[in-house]
Structure formats: structure tokens, C-alpha cells
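Notes for the one structure printed next.
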Amino acid sequence: MAFWKAVKGTALIGGGAIATVFGLSQFSEYRNKHGALVQVQAAEAVPVKNHLPTREQQILALQTSGEFDVLVIGGGATGCGCALDAATRGLKTALLERYDFSSGTSSRSTKLIHGGVRYLQKAIMKLDFEQYRMVKEALEERAHLLQSAPHLSAPLPIMLPIYKWWQLPYYWVGIKLYDLVAGSQCLKSSYVLTKSRALELFPMLRKDKLVGAIVYYDGQHNDARMNLAIALTAARYGAATANYAEVRHLLKSTDPTSGRPRVCGVRCRDVLTGKEFDVRAKCVVNATGPFTDSVRKMDDEEVPNICQPSAGVHIVMPGYYSPDNMGLLDPATSDGRVIFFLPWENMTIAGTTDSPTDVTSHPIPTEEDINFILSEVRHYLSTDVEVRRGDVLAAWSGIRPLVTDPNSKDTQSISRNHVVTISASGLVTIAGGKWTTYRAMARDTIDAAIQEHNLKAGSSKTMGLLLEGAQDWSPTLYIRLVQDYGLESEVAQHLASTYGDKAFEVAKIAQVTGKRWPIVGKRLVSEFPYIEAEVVYGVKEYARTAVDIISRRTRLAFLNVQAAEEALPRIVDIMGKELNWCEQKKKEELETAKKFLYYEMGYKVKTDQLTDSSEISLVPSDIERYKKRFRMFDKDKKGFITILDVQRVLESIGVQIAENTLHEILNEVDLNKNGQVELNEFLQLMSAIQKGHVSGSRLAVLMKSAEENLRRRAAIPVDRSGGGV
């Protein structure tokens, strides 16, 4: 009864505020000429390529096509968006990316397509019309993204748990305003839940003092694949796009009218071959995110920095930490930040942090940030759910390119919106903004470029433009993949939601399994639906390193670093055949990918949980029990066990495991890497497991099972578990 009284009271409290914002929203929508989400097809004069050009063809086009109208530096969401916007207007377009498409911030987001609830709160509390406009635009762009790539994105309900009665009207008004600002593009109306209903939908939620919950809707997407879809669509519309093409310096010429130097292109290096060449263009666009200032200084060494980089860390945990289709928002963490807790790719993603950082191509997640996120998650989950450090399957850090507006009177204040600037030499820079608004950012950038450089082109044609894979996609497309090709249902759903209507091209090159079912589609690792054919297809999508495959063509590195490492040898073998790699090159790729997993995806923090100096905090009875288990393998009382010791015990109970698998199992625990596991290392492992710092140790499971099965002679489960970093 008290609950519904509070709800009714909330309606009265929020009525005035809603009426005010409704008027503001209508006024803004009237003024915004881009507000209506209508289907606008690209100009018929711009031909669309049925066959994607190879990377080699793209590099050749950059060298031989003469002067381009627009040359974009940067292959993130904004850069690829600029290339797509320019190409669909009929402009001769090129794009250069130093690494891989989406290799930076664009692949390391929270995976949300959203307007920003917290920005709307600040806009209202501070009467900040600019922040309001930013939220309004983001909500319009959210609708566009969900429509332009429905296979890669979908609405996601997000729960806001309420633990104090006064918060109910406060947050209800805010969320309803969020719906209202979205207007006709509101995904679904938000609603209030009772305590019992909230726990029914999110059973992991902390029960004590829970009053109820509010559920609202935002979008979610596969960010790296979305970025790639934008790049591939730009390529099909004629843009010469190349990854692993590094800009060495800007080219300049003297303007015959003004006598001033003007940017007229770049000196480029093909990172894969080392060859350098010039690419000339009437307009050069700097869309390099956190590296904005480094390109600006190529133009003018004295120009002040405008980018203020901020690191955001995310972690991935097993899927059982969250419902399949319900996210969670912590609106006020212990230090005032916002934490999202979301289902993603059958796992659970939690983040993000927000702390100043230096600009780097290889950001590393810290143990401090990981533990902060875990601590906040514990506050909202039931005490029945033990949030273990060992359940962190992957962790990464992304750099937000926050900017100060050099055109603003207050050049020190951070702009949450995007900023387009043009230097005296004509370099167009786009900085700031957010993933969701990439299309609007690209539109504004190309508009500015056209005006500054007198390019002949019409208005933007990307609103409503379908991205790669969306044309003939439908929610039931995966059924045809199962029926026509004999793929597993889980694999078929994955292919359909990753490649859209291009999933058939992947299915056509999938290898026969030799089994009754599935007929085709060999998995890279058993617990994920990624198949070997995706590696081959990834090469066609411009993947040129093993890291490209595990992190951006598939998302394996972002979901489970141990699984990614397990898949690497096979991935390298397949890529080696496709790209004619020698044995030395394959070895280098394997080592580079492992280094990437170790530092950038959180594998290092796994090993840091179990080191030579790890404290053994076991009670005497546990120590004795584990010593007894260890001695069962160490029959010769050497003080350590080797592969031969493990093989001997397994043979005695009729179990066989491949020698390379046993090497992997022991190597997980062998801290000093001497090919054997000492008693002290084993006790450190068991202590770390008890404290929750390590989970999914195959050696621990194997030895416990062997101890029991020596009596029962039963089979031992040896599949790699979820693991943790």
C-alpha cells in the first residue's frame, strides 16, 4: 500500500517538471532540422560495390587515384562515420588507420547506445541547455543506430534499484523525463516495479531494504563489429579505406590566393610492408580520438592541447551474475561515479571507472580499478552471490577523448559535446562526443569540410542508411542457416547477429565437422560459438593480425582471455594459410597476441593473483588435507610433481589426457616456470581459490577428482572451466 502511495505522490511531484521539459523538448525538436528519423537512401549516383575490395586493392587506390576530396585520419567510429558520410555524398574519399579499425576506444566502450541519463540530470539541475541538447541529439541518434544495424544492436531494459523511499519520486521523474525527451523515438516506456517483481526479474539483487525498482530502456550493441560495419559500408560506397596505414606527417602547399600554407594531404606508410607514399586531398580530417593533439601538432607544433584523456576500465564476469535480458544501473557509487552491470554476449559486463590518464595505444587495466568495480557490484548483489575476484574473465581499459572547446570563451572547461575546429591551414578536427552520436559528429564534420574547402556536395545522406549486413537481415534469419547449412542453433544465431545477411557467406566456407550434427562449423573453442570459418572471413574483412581476430572480428579476448589464448594457435594457423605467413611470422603473431592478452585484456592481473610471494592462509587441517592430495601424485616424495606424475595417476584410473593439454594445465600453476609444480605452489593455489582470488583451476579440479576417483574409478572432468583473470 505504501509503495503505491509513493508512486501516486511521485506523479504529482513530477507533473510540473515533466510539463516544462515537454515544452522544451517540443521546441528543440521543432528547431532541429535533423530530428525526424526518416528513411533517406544514399544518392543513386553513388554506386555500391557488391564485392568488397581487398586491402591490397585499397592500398593501390590510395596510391593511384590522384587527389581525393576528403582524406580522413582515424578508423574509429567517428573516422569511419566521416568516411561514410563523405562517400555517400559523392565525394572522393579516403581513410587511413594506423592500426586496425576500432582498435582503440571504439571497441572498449560499455557497449551501450544511450542518450545519457546522468547528463539529463545535470542539464536539469544546472539549467544547462547545451547538455540538454546533447542528450536530445544522442537519443535521436540512438534510434538511428538501432535502425541502421538491427543485427548488431537491440533495446535493453536497465533496472534502477531503489533502497530509500524518497528516491522513488526523484528517480521516477528523471527517468520519465528521459522518455519524454526521446519523444517519438522512445524505445519503450519506463515503468515502476514492486520489490517482489524486481527480485523476480533480477533474482541476484540485494533484498534487504529494497523498496522497489524503476526500469527504463536504452540500446546495446557490439561496438567493434558496429565500427567495422561502418568502415565496410564506406568501402562499398567507394571510399578507399585502409587499416595499418600510418600517417607520418602532413603535406602542405602554398595557397596561391592568400599565400598561406594549406594542408593538402599526408605522407603515409603501409605498416605491413613498410612502403611509404603520398596521399593528396583537398581536405584532411583529423578524427583520431585520444590522439587528436598529436595530429594537430603535425599541423602546428605550437597549438595548445585540447584533449584531456580519461581512462575507463570494464570487467567481464560469467553470465550467471546477471539475468539474460536485464541490466542494472548504480547511479551513485561510493565516489560519485556511475556503474553499469549489463548482460552482453552471454556474459556480464561491469563498468566503468573514470580517471585521468596518459594517451597510449595500449592502455592497461589496473588492479585498483578492477577491485573498485567488484566492490560496487557487491553492494547491489545478494549476499547469497559470492562476488569473487577469480570470476573476472577479462578486463580492459579504454581512453575517453574528453576535450576543451578552443572556440569557447572558457577554454578550460570540458565539453561533453563534440567539437569541430578548423586550423589556419585548413585541417578539420573532430573531437569529443560519444559513440552513440558518431553519425551526427560525422555529419557536422563533413558539413564544415565542405564549407571550408568549397567542396561540391549536398547534405548528409546517412540518416536511415543501412549498414553492412542489415539489408536483408531478419530476426529469424538464423533458422535458414540451421536448415540450409546444418549449423548448430547457437552458432547460427551468433553468425546472424554478427554478420547480418552476410552470415550466409561465412556459412558457405564453414568446414564439414565429420559429425552427424552439426554438419558444418568447427568451433575455435568449445564454450563459444565462434567458428574457424570466421577467421577466413575476417581476413576478407581486412583482419591482418591474430589480435584483429580475437578482439574485433570475434570478441573472444573481451569475453574470456583464457579461451582466447586457447584459440590462438588454430587462429594463427588459419591466418597463416590465408596470408602466406612463414613459420617465423606465425611465431611472432602468436607472441604478440599473447602479449596483448597479458597486458591489455587483464591476463596479467590473473597471474598477479598467484605469485611466488602469495600468502598461504589455510588452517592446519586444510594444509594437511591438501598435502595428502599432493603426495598422492608425488609418490617419490620429491616435493614437486611433473607431467609424468600426473600421467601415472591418470593411467591408474583409466583416464587419458593429451600431453600438450597436461602441459597447459601445469603451466597455469607453475609460478617459476621450471616445468614442475612444487608443494608450496600447490598450497598457494588452494589458498587463492579459498579466498576467491582464483577460480576454474584445471589442476585443482583434476587432483580433487583423481583423489575421489581412485576409490570409485570414475571419469575425471578436464574441460577448461570458465577460468578467471
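The values are calculated or read from the model by the stated rules, or taken from the named source; none is laboratory data. This structure is a prediction, so every number in the text was calculated from the model and none was measured. When we count neighbours, we look across all protein chains shown, and the Cβ atoms used for this are built from the backbone with ideal geometry, even at glycine. Surface accessibility is based on the protein's heavy atoms, side chains included, excluding ligands, DNA and RNA. Shrake-Rupley method; radii C 1.70, N 1.55, O 1.52, S 1.80 Å.
Assorted remarks:
- Any chance Glu452 is open to solvent by 50 Å² or more (accessible area, probe 1.4 Å), not hydroxyl-bearing (Ser, Thr, Tyr) and not in a strand (DSSP E or B): yes
- Test for Ser526: is it out of contact with any Ser or Thr (no Cβ under 6 Å at 6 or more places or on another chain), hydroxyl-bearing (Ser, Thr, Tyr), crowded, with 20+ Cβ neighbours inside 10 Å and touching a residue at least 60 places away in the same chain (Cβ under 8 Å): no
- Scanning the stretch 456-486 for residues that are open to solvent by less than 40 Å² (accessible area, probe 1.4 Å), under 14 Å from Asp501 (Cα atoms), of a type in the set (A, V, I, L, M) and assigned to a loop (DSSP other than H, G, I, E, B) returns Leu467, Ala470.
- Counted residues, the stretch 239-273 - those being more than 25 Å from Ile422 (Cβ to Cβ) and open to solvent by 40 Å² or more (accessible area, probe 1.4 Å): 4
- Residues of the stretch 426-449 that are open to solvent by 20 Å² or more (accessible area, probe 1.4 Å) and more than 15 Å from Ala86 (Cα to Cα): Gly433, Lys434, Trp435.
Residues checked against (1) at pLDDT 75 or above; (2) surrounded by fewer than 14 Cβ atoms within 10 Å (Cβ to Cβ); (3) among the charged types (D, E, K, R):
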| position | (1), (2), (3) |
| --- | --- |
| Leu671 | no, no, no |
| Gly675 | no, yes, no |
| Asn680 | yes, no, no |
| Leu683 | yes, no, no |
| Met686 | yes, no, no |
| Ser695 | no, no, no |
| Val701 | yes, no, no |
| Ser705 | yes, no, no |
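- Matching helices (runs of 4 or more DSSP H) fully within the stretch 531-609 where at least 1 residues are more than 23 Å from His221 (Cα to Cα), in contact with a Pro (Cβ under 9 Å, 6 or more places away or on another chain) and not aromatic (Phe, Trp, Tyr): 583-600, 603-608
- The residues of the stretch 420-449 that are within 21 Å of Val117 (Cα to Cα) and either modelled with pLDDT under 95 or of a type outside the set (Ser, Thr, Tyr) (or both), listed by number, are Gly432, Gly433, Lys434, Trp435, Arg439, Ala440, Met441.
- Of the residues making up the stretch 348-359, those that are surrounded by 14 or more Cβ atoms within 10 Å (Cβ to Cβ) and part of a loop (DSSP other than H, G, I, E, B) are Thr352, Thr353, Asp354, Thr357, Val359.
- Some residue of the stretch 214-235 being touching a residue at least 12 places away in the same chain (Cβ under 8 Å) and on the phi > 0 side of the Ramachandran plot: no
- The single condition among (1) within 25 Å of Thr545 (Cα to Cα); (2) modelled with pLDDT of 95 or more; (3) open to solvent by less than 60 Å² (accessible area, probe 1.4 Å) that Glu345 does not satisfy is (3).
- Top-ranked residue of the stretch 513-527 - restricted to ones that are assigned to a loop (DSSP other than H, G, I, E, B) and in contact with an Asp or Glu (Cβ under 9 Å, 6 or more places away or on another chain), ranked as farthest from Asn243 (Cα to Cα): Trp517
- Within the stretch 147-185, being surrounded by fewer than 17 Cβ atoms within 10 Å (Cβ to Cβ) and touching an Asp or Glu at 6+ places or on another chain (Cβ under 8 Å) holds for one residue alone: Pro155.
- Only one of the numbered conditions (1) outside any helix (DSSP H, G or I); (2) under 22 Å from the mean Cα position of the chain (by Cα); (3) not hydrophobic (A, V, I, L, M, F, W, C) is not met by Lys164, and that is (2).
- Unique match (being within 30 Å of Ala231 (Cα to Cα) and out of contact with any Lys or Arg (no Cβ under 7 Å at 6 or more places or on another chain)) among Leu160, Leu177, Leu187, Leu120: Leu187
- Applying a threshold of 6 Å to beta carbon distances and a minimum spacing of six or more residues, or different chains, the list of pairs starting in the stretch 629-655 at a residue that is not assigned by the TED database to the domain that holds Asn680 and ending at one that is open to solvent by 30 Å² or more (accessible area, probe 1.4 Å) and among the hydrophobic types (A, V, I, L, M, F, W, C) is empty.
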